[in-house]
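In what follows, a single structure is set out as structure tokens and then discussed.
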């Protein structure tokens, strides 16, 4: 196994770390937010955000770098278009996060509002995008192994 194979394995692992994280947030964290009292929610949400920053953004940034590097060091048998789609899904995820989910979450102070319900409902889009990113990297790994 060469450098490109190890790069694919590492990037795939980080991508699936993100997939697990986004599903945990979607299926567990968001629904549980509704159980935090209205007087405590703002402080709870700030603490939650501080707690997830590093465990989310360091692996995510490393996966992004790995995906870009895979375009340069593409493993044998992996079509570059798969990596381009994975990168596009990643970029779309974080562009929408910067434009929509991030600002909405930053303003969130209660869970008994239409704003909270809208964030939870639209977060499925982010969950699908992150899952798609992981799926395309998985497809790349399968093609590397079988091709």
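The values are calculated or read from the model by the stated rules, or taken from the named source; none is laboratory data. Remember, it's a predicted structure, so these values are computed and weren't measured experimentally. Glycine also receives a Cβ, built like all others from the backbone with ideal geometry; neighbour counts cover every protein chain displayed.
This table checks each residue for (1) over 21 Å from residue 27 (Cβ atoms); (2) touching a strand residue (DSSP E or B) at 6+ places or on another chain (Cβ under 6 Å); (3) crowded, with 16+ Cβ neighbours inside 10 Å.
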residue: 83; (1), (2), (3): yes, no, yes
residue: 89; (1), (2), (3): no, no, yes
residue: 96; (1), (2), (3): no, no, no
residue: 101; (1), (2), (3): no, no, yes
residue: 118; (1), (2), (3): no, no, no
residue: 128; (1), (2), (3): no, no, no
residue: 144; (1), (2), (3): yes, no, yes
- Item | Criterion: surrounded by fewer than 16 Cβ atoms within 10 Å (Cβ to Cβ), under 17 Å from residue 139 (Cα atoms) and modelled with pLDDT of 90 or more - qualifying residue of 23, 16, 73 | 73
- Message: Condition check: touching a helix residue (DSSP H, G or I) at 6+ places or on another chain (Cβ under 9 Å), under 16 Å from residue 139 (Cα atoms) and free of Cβ contacts under 8 Å to residues at least 60 places away in the same chain. Does residue 8 satisfy that?
- Response: no
- Taking only segment 1-13 into account, find how many residues are at pLDDT below 95 and not in a loop (DSSP other than H, G, I, E, B). 0
- Select, from 144, 117, the only residue that is over 12 Å from the mean Cα position of the chain (by Cα) and either within 12 Å of residue 8 (Cα to Cα) or in contact (Cβ under 8 Å) with a residue 60 or more places away in the chain (or both). 144
- Under 8 Å between Cβ atoms, at least 6 apart or on separate chains: pull out the pairs that start in segment 72-88 with a residue that is on the phi > 0 side of the Ramachandran plot and end on any residue that is surrounded by 12 or more Cβ atoms within 10 Å (Cβ to Cβ). 77/143; 77/144
